[in-house]
1. If I ask for residues that are more than 7 Å from chain A (Cβ to nearest Cβ), crowded, with 24+ Cβ neighbours inside 10 Å and either touching a Pro at 6+ places or on another chain (Cβ under 7 Å) or of a type in the set (A, V, I, L, M, F, W, C) (or both), which ones from segment B:169-186 would you list?
2. Only one of (1) surrounded by fewer than 22 Cβ atoms within 10 Å (Cβ to Cβ); (2) of a type in the set (S, T, N, Q); (3) within 14 Å of chain A (Cβ to nearest Cβ); (4) more than 28 Å from B:GLY48 (Cα to Cα) is not met by B:SER261, so which one is it?
3. Can you tell me how many residues in segment A:183-226 are buried (at least 16 other Cβ atoms within 10 Å of the Cβ), part of a strand (DSSP E or B) and small (Gly, Ala, Ser)?
4. Applying the selection to segment A:76-88, what residues are in a loop (DSSP other than H, G, I, E, B) and at the interface with another protein chain (Cβ under 7 Å from one of its Cβ atoms)?
5. Here's a check for you: in segment A:95-130, which residue that is assigned to a helix (DSSP H, G or I) and within 17 Å of B:LEU180 (Cα to Cα) is farthest from the other protein chains (Cβ to nearest Cβ)?
6. What number of residues in segment A:66-75 are at the interface with chain B (Cβ under 9 Å from one of its Cβ atoms), of a type outside the set (A, V, I, L, M) and either assigned to a helix (DSSP H, G or I) or touching a residue at least 40 places away in the same chain (Cβ under 8 Å) (or both)?
7. For segment B:208-219, name all the residues that are crowded, with 24+ Cβ neighbours inside 10 Å and in a helix (DSSP H, G or I).
8. If you scan segment B:24-79, which residues turn out to be touching a helix residue (DSSP H, G or I) at 6+ places or on another chain (Cβ under 6 Å) and of a type in the set (S, T, N, Q)?
Amino acid sequence: MLKIEQLAAGYGNIQALKNIDLAVPAGKIVSLIGANGAGKTTTMKAIMGIIKPTSGRVLFKDQDVSRMPTHKIVNGGISLVPEGRSILARMTVLENLEMGACQRRDNEVQSDLKRIFARFPILEERKAQLGGTLSGGQQQMLAIGRALMARPEVLLLDEPSMGLAPLVVADIFKVIQEINQAGMTVLLVEQNVRQALKIAHHAYVLETGRIVLSGAAAEIANNPRVMEAYLGGKKAV
Amino acid sequence: MFWQQMVNGITLGSTYSLIALGYTLIFGVLNIVNMAHGEIFMFGAFVGLMIAVHANVGLAGALLAAMATGAVLGYLMEVLALRPLRRRKVSELAPLISTIGVSIFLESLALRLFGAEAQSFPPVSSTQVFDLAGVKISMVQIIILAISCGLMLVLRFWLEKTKLGKSIRATSENIETANLLGIDTKKIIVLTVMLASALGGGAGVLVGLAFNAIEPTMGITMGFKGLAVLILGGLGNITGAMVGGLLLGVAEIFSVAYGVSSYRDAVAFGMIILLLFLRPEGLFGSKEQQGGR
């Protein structure tokens, strides 16, 4: 569904991504894990066209989207739930969700809105509230709901568990799994490696701009190097 | 006396609000202060005057022509003076300087096209004066109030309820997020600059009507007043711009009415300084600075 070939990107003189390859097959959850500054968010931004890659391609349904403007990529069927959630704090919950569907021209927006409210009842309760007044977990649900309102074919999630209480984190991962089971293809960037590997089918490990390891999520979770570096010692998992 | 001055002040203030709204809208989406806004306002006034004198289309025609002129100037400014800088990601000071350049250019152009002398607006409306329980209100004042309040109400509603209006609000809150939601932010920026400039051009005609005199240098003073209102109301806040404009107008008129007419600007701006001491974020501003380029 989504394929990255030899992608390189950076900021000024700093090369954050050094020719990475990555594939997200349809209907799967793929996790991209790595430490701070490894290039995870840069990968997401490059896919969305927020930063233009210096070389390489991003193929979405066999079409190169790497030089397309961001709003066209969203239109084409890729949505990103950005790091830190980026809720529009001065707009209401309902308006946030409506903005998610702003590029759609069909007339099923209302029924999709109902579906989102069914999945996240708290959002319906608070739909008239300003986005900025929600708690962190609720904002994350709003951000996911808002991304789904665009009817994407691939959903990118950048650190959805960041800054959330453990119980809420479990909720968010459950939601991601449910969305995937309903047919959504997911690319998940996480620092919460344990949880990310638990729900993922495939995983890639990113270190200082390079993919150093990839494979089935269960294999990656049992890889001694990963266990040591990300899962806190050899006995974990 | 008091209510009479109140009416005069609100009438003047409503035009300030209109001008300040232009600043606010552009500040919202671009995070810059458009220093050329006053000159676009002045150009609107002159084009409105020309149309009213030569083309016998009445006030509505003059107003529409002024707004269209504003929109065109706004478009040109965005495409020629602002966008090229944005693409290179230079410091935020560069577009500010760029708009100062546009303002100097427009003022010189106006001097050349319209001459340096103040010109008076033709009588496009009746000079009838109504007497409401001792408060005199002229037809011109009613027209100014109706048009500026009407424009503000429509704008308010449009930003609140329509898809495009919401897109503008989303873009002014966070341009990267707006982009990620599938909004063509480039288009929204052009649209916002044109809209803001059209409001400025329209305000030019209204101020021309109110003072019955327009000149190429009027843009500077008006520009500073609009800027003051932008800060008074809270940067980028629509309601703030509307209320702030009314306050400034009322403050000015009262300082004239109660005998300090040569200090009218000093009194008004002094009040703003005082208010900012008490509320540095402006009347309606939020504490944390938001919005991005």
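1. Answer for segment B:169-186, where residues must be more than 7 Å from chain A (Cβ to nearest Cβ), crowded, with 24+ Cβ neighbours inside 10 Å and either touching a Pro at 6+ places or on another chain (Cβ under 7 Å) or of a type in the set (A, V, I, L, M, F, W, C) (or both): just B:ALA178.
2. Failing condition for B:SER261: (3).
3. Summing the residues that are buried (at least 16 other Cβ atoms within 10 Å of the Cβ), part of a strand (DSSP E or B) and small (Gly, Ala, Ser) in segment A:183-226 gives 2.
4. The answer is A:PRO82, A:SER86, A:LEU88.
5. A:LEU97
6. 4
7. B:GLY208, B:LEU209, B:GLY219
8. B:THR24, B:ASN34, B:THR69
The values are calculated or read from the model by the stated rules, or taken from the named source; none is laboratory data. Everything quoted here is computed from the prediction, not taken from an experiment. Here Cβ is always computed from backbone atoms with ideal geometry, including for glycine, and neighbour counts include all displayed protein chains.
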